[in-house]
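The values are calculated or read from the model by the stated rules, or taken from the named source; none is laboratory data. Not measured: the values here are computed from a predicted model. Ideal geometry is used to build each Cβ from the backbone, glycine not excepted, and the neighbour counts take in all protein chains shown. All accessible areas refer to the heavy atoms of the entire protein, side chains included, with ligands and DNA or RNA removed. Shrake-Rupley method; radii C 1.70, N 1.55, O 1.52, S 1.80 Å.
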Amino acid sequence: MEDYYNHSIASLLDPSDVGLDLRDNEEPVWSANGTYSTYLFADRVTDIIAKHNKSKPLYLYLPFQSVHIPIQVPEHYEKMYPNIKSEGRRKYCGMVSAMDEAIGNITDVLKARGLYEDTLIVFTTDNGGWTTEFGNNYPLRGGKVTIWEGGTRGVAFVHGPMLNKTGYRNNGLMHAVDWFPTLLHLAGGKVTDPIDGVNLWDMISSGMESKRTEFVYNLDDKIPPMEGHAAIRVGDYKLIDGYPGAYSGWYPPPEAKTHGPYNKEVTLAEGLTEMFLGKKQLFNIKDDPNERNDLSKEMPDKVKQLEERMDYYRKQMVPAIWPPSDSKSEPHNWGGVWTPGWC
């Protein structure tokens with residue numbers, strides 16, 4: 001994985017082939033070697049804001065590298081958590097704090113430029129924490145690379161003067177694809193072609209009910225499915241079809257004083273057994289968000305209903321393309337820089 005300080009990453013085909021993976025538009029950036037990426041990205045954003053013509057609209061998308069692996073952070077952030085005995089967990093929490101500080105610095109620049117009161121800020125994750133890399137989703141089940149709620153349920157907040165209702169938690173259904181039509185609507189644009197996303201601005205801004213009633217978590221017909229075979233949610237119910245992913249337990253953080261029958265890890269071998277048996281699992285996510293009570297035996301009609309809905313989407317699937325690895329973009333071909341221009 002990409003180093004937070006030298007911004008390089010090794011080839012999967014040849015681990016000795018390590019190259020720079022940082023560009024400013026099309027130009028490789030060699031001068032940032034040694035600069036922690038959270039600082040680097042935040043500084044670039046604050047510079048853009050500081051130079052922005054306030055008479056024109058501004059859209060900024062900032063995907064921090066944090067808190068992705070490798071687990072790296074300047075030492076003083078790690079020292080903020082002396083009560084946490086796990087070194088990896090201390091560093092992970094430090095990475096969150098470094099990112100939090102960076103977001104605060106960006107917010108300060110927005111205020112200084114007089115843009116804060118006319119800006120909608122969206123902060124969101126893209127997946128659950130990776131339980132083997134010091135992330136934690138407890139009490140939700142599973143983690144990253146699974147289709148359990150711990151791997152797929154994201155948290156977010158939205159802030160801005162255009163919100164009609166603030167200071168509350170909204171649990172309406174929303175999928176990542178819904179951000180596009182929602183933000184497009186807010187910017188005055190319109191969706192002209194059929195898309196999967198739904199404009200949920202009324203839900204976000206005013207607390208109204210979500211217009212979304214269902215979504216597919218995953219639908220992977222590749223064998224073996226590496227990150228969970230298939231799952232769908234319709235209303236309050238979620239159906240998992242087959243293999244749910246490698247991490248199927250409930251994982252309290254190491255500093256938590258939590259014990260009980262549900263804190264058992266499910267091994268990869270057990271997960272594979274479930275996949276080959278074609279097991280179906282049904283959960284009422286509204287009443288049981290931690291996915292402890294499988295209702296598939298009690299509610300076979302509901303299982304059938306969700307299976308039929310899954311089949312509806314399966315018929316619309318575009319087959320996945322899994323090309324073999326290709327070395328044409330690798331650093332040894334491009335002076336030590338990862339380069340997609342070969343295609």
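Screening V73 on (1) at pLDDT 95 or above; (2) not in a loop (DSSP other than H, G, I, E, B) shows it passes everything except condition (2). For region 100-110, the count of residues that are acidic (D, E), open to solvent by less than 60 Å² (accessible area, probe 1.4 Å) and not in a loop (DSSP other than H, G, I, E, B) is zero.
Quick grid of which residues meet (1) aromatic (F, W, Y); (2) within 18 Å of N127 (Cα to Cα):
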{"residue": "R153", "(1), (2)": "no, yes"}
{"residue": "F157", "(1), (2)": "yes, yes"}
{"residue": "T166", "(1), (2)": "no, no"}
{"residue": "P181", "(1), (2)": "no, no"}
{"residue": "M203", "(1), (2)": "no, no"}
{"residue": "S248", "(1), (2)": "no, yes"}
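Specify the residue that is most open to solvent (accessible area, probe 1.4 Å); the eligible residues are those in region 312-341 that are of a type in the set (A, V, I, L, M, F, W, C), at pLDDT 90 or above and part of a loop (DSSP other than H, G, I, E, B). So, considering only residues that are of a type in the set (A, V, I, L, M, F, W, C), at pLDDT 90 or above and part of a loop (DSSP other than H, G, I, E, B), the one most open to solvent (accessible area, probe 1.4 Å) is W334. Residue check: is V67 assigned to a loop (DSSP other than H, G, I, E, B) and within 20 Å of the chain's Cα centre (by Cα)? Yes; evaluated as a whole, the condition is true for this residue. Determine, yes or no, whether T132 is open to solvent by 50 Å² or more (accessible area, probe 1.4 Å), out of contact with any Cys (no Cβ under 6 Å at 6 or more places or on another chain) and polar (S, T, N, Q). Yes; evaluated as a whole, the condition is true for this residue. Listed by first and then second residue, the pairs with beta-carbon distance under 7 Å, at least 6 apart or on different chains, first residue in region 178-196 and in contact (Cβ under 8 Å) with a residue 60 or more places away in the chain, second open to solvent by less than 80 Å² (accessible area, probe 1.4 Å) and part of a loop (DSSP other than H, G, I, E, B), are L186/L120.
Only a single item in (1) among the hydroxyl-bearing types (S, T, Y); (2) assigned to a helix (DSSP H, G or I); (3) surrounded by fewer than 19 Cβ atoms within 10 Å (Cβ to Cβ) is not met by T166, and it is number (2).
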